[in-house]
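Worksheet: the structure to be examined is printed underneath.
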Amino acid sequence: MASWECGFGGNWVDFPDLSNCSRIDTNQAIEELNQPSSVPSDVLGKLYQNVTNESNLGSGDIKNLINVLEEALKVQNDRLDNAQADNPTDYADSFTKKSLEMVSEILERPQTWFGLPQDTKNDEITKVQNNLDQVAKSLLKNTDQNEHSYNSGGVVLKVLKNFESQADFVNSNGDQISVKAEGQLESSISFLGFTSLACIIDNRFEW
C-alpha cells in the first residue's frame with residue numbers, strides 16, 4: 001500500500017511513500033541461504049537474474065534486497081570461518097563480485113529510491129555502504145592475493161593486501177586518493193566508489 005503526505009495548502013510533500021510496494025520475491029533467497037549446503041554467491045547470482053529481468057522495481061524491493069545482502073554476508077562469513085570452502089580466495093572473490101553486481105543494479109535505478117521516505121532512504125544507503133565495507137573486509141581476511149579490483153558499473157572496489165609503500169585509487173570522475181603505509185609495516189586497505197549515490201540522495205533521475 002502506498003501513501004503520500006499532504007502538506008499545507010493541499011500541496012503534496014516530496015514523493016509518495018512506496019516502501020511497502022515490491023515486485024521481487026526475496027523470501028526464497030533467504031530460505032536458500034539458510035540451507036546447510038547453500039553457496040551465498042550462487043544464491044545472489046540467481047536473485048540477481050530475477051532482478052535484471054524486471055524492467056521496474058518497487059521501492060520496497062530496495063529494502064528487501066539489502067536485507068538479502070546482509071543475510072548472505074552472514075552466511076558467507078560463517079562458511080569461511082568454519083572452513084566449508086575448498087578455496088577461500090575463489091569463494092570470497094566470487095561472493096564479492098555477486099554482491100557488487102546486486103548493489104550496482106539497485107543503485108542504477110535511482111527512480112526506485114524516490115519512493116522511500118528520506119530517513120528510510122538514508123538508512124538503506126548507509127546499510128549498502130556498511131555491507132560493502134564488510135564484504136571487502138571479508139575478502140581481505142580470506143584471500144591469498146595482494147590485489148583485487150572490481151567494476152560493476154555502479155560500484156567500483158579496489159582491495160590491496162599487505163602493501164608496503166603507497167596505495168592509489170582513481171574513481172569514475174578521475175579523482176585520485178593515495179594512502180601511504182606507515183613506517184615499515186605492511187598495510188591492507190579497500191577503496192569504494194559509487195557513481196549514483198549523489199543522484200539518489202538528491203532525488204535526481206540522472207547523474
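The values are calculated or read from the model by the stated rules, or taken from the named source; none is laboratory data. Because the structure is predicted, anything quoted here is derived from the model rather than measured. Glycine gets a Cβ as well: all are built from the backbone with ideal geometry, and neighbour counts include every protein chain shown.
Looking only at the range 154-167, residues that are of a type outside the set (A, V, I, L, M), closer than 24 Å to ASN142 by Cβ and modelled with pLDDT of 70 or more come to 3 in all.
Looking across ASP61, ASP81, one residue alone is over 20 Å from LEU157 (Cβ atoms) and out of contact with any Asp or Glu (no Cβ under 9 Å at 6 or more places or on another chain). It is ASP81.
Only one entry of ASN82, ASN77, ASN87 meets the criterion of being in contact (Cβ under 8 Å) with a residue 60 or more places away in the chain and not hydrophobic (A, V, I, L, M, F, W, C), and that entry is ASN77. Residues that are at pLDDT 95 or above and basic (Lys, Arg) were ranked within the range 80-111; the one that is nearest to SER59 (Cα to Cα) is LYS98. Identify, please: which residue in the range 45-80 is surrounded by fewer than 17 Cβ atoms within 10 Å (Cβ to Cβ) and either in a loop (DSSP other than H, G, I, E, B) or small (Gly, Ala, Ser) (or both) and is, among those, nearest to the chain's Cα centre (by Cα)? Out of the qualifying residues, it is GLY45.
Residues that are at pLDDT below 85 and under 19 Å from the mean Cα position of the chain (by Cα) occur at least once in the range 173-189. Which pairs turn up if I take residues in the range 110-126 that are farther than 14 Å from LEU65 by Cβ and part of a helix (DSSP H, G or I) and look for partners that are β-branched (Val, Ile, Thr) and modelled with pLDDT under 90 with beta carbon separation below 6 Å, at least 6 apart in sequence or on another chain? Every condition considered, the pairs that remain are PRO110/ILE200.
Restricting the first member to the range 141-156 and to residues that are on the phi > 0 side of the Ramachandran plot, and the second to residues that are among the small types (Gly, Ala, Ser) and crowded, with 20+ Cβ neighbours inside 10 Å, the beta-carbon pairs closer than 6 Å and six or more apart or on different chains are GLY153/SER104.
Only a single criterion out of (1) surrounded by fewer than 19 Cβ atoms within 10 Å (Cβ to Cβ); (2) part of a helix (DSSP H, G or I) is not satisfied by ALA85, namely (2).
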